[in-house]
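Here's the structure, in structure tokens; my notes come after.
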Amino acid sequence: MTYRTVLDTPYETGLRMLLLLRAVNGNVTCDRLAALDTLTVNAGTLGVGERDISTVCIDWPPERSGAESRSRMKR
């Protein structure tokens, strides 16, 4: 089977489900859990967040400004 992104694998989906179940204290139906996952992964496309989660993963790690990089080196 071919996956479009790493987020499409059964393993990653399972991890997201466990995190979502923890966030809602387990009081949720399967349909609601699936809806929450869809909103989480596609937040930018659906207009409920800044970016889609797959975009965040592709852009990681975020680029640092020169000043921020220099201050980290001093530590």
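The values are calculated or read from the model by the stated rules, or taken from the named source; none is laboratory data. Keep in mind that what you see is a predicted model, and the values were worked out from it rather than measured. Please note: Cβ atoms are built from the backbone with ideal geometry, for glycine as well, and neighbour counts cover all protein chains shown.
Can Glu68 be described as more than 13 Å from the chain's Cα centre (by Cα), assigned to a helix (DSSP H, G or I) and at pLDDT below 85? It is true that Glu68 is more than 13 Å from the chain's Cα centre (by Cα), assigned to a helix (DSSP H, G or I) and at pLDDT below 85.
Would you be able to tell me the number of residues in the range 41-63 that are loosely packed, with under 14 Cβ neighbours inside 10 Å, over 19 Å from Leu20 (Cβ atoms) and modelled with pLDDT under 70? The qualifying residues number 6.
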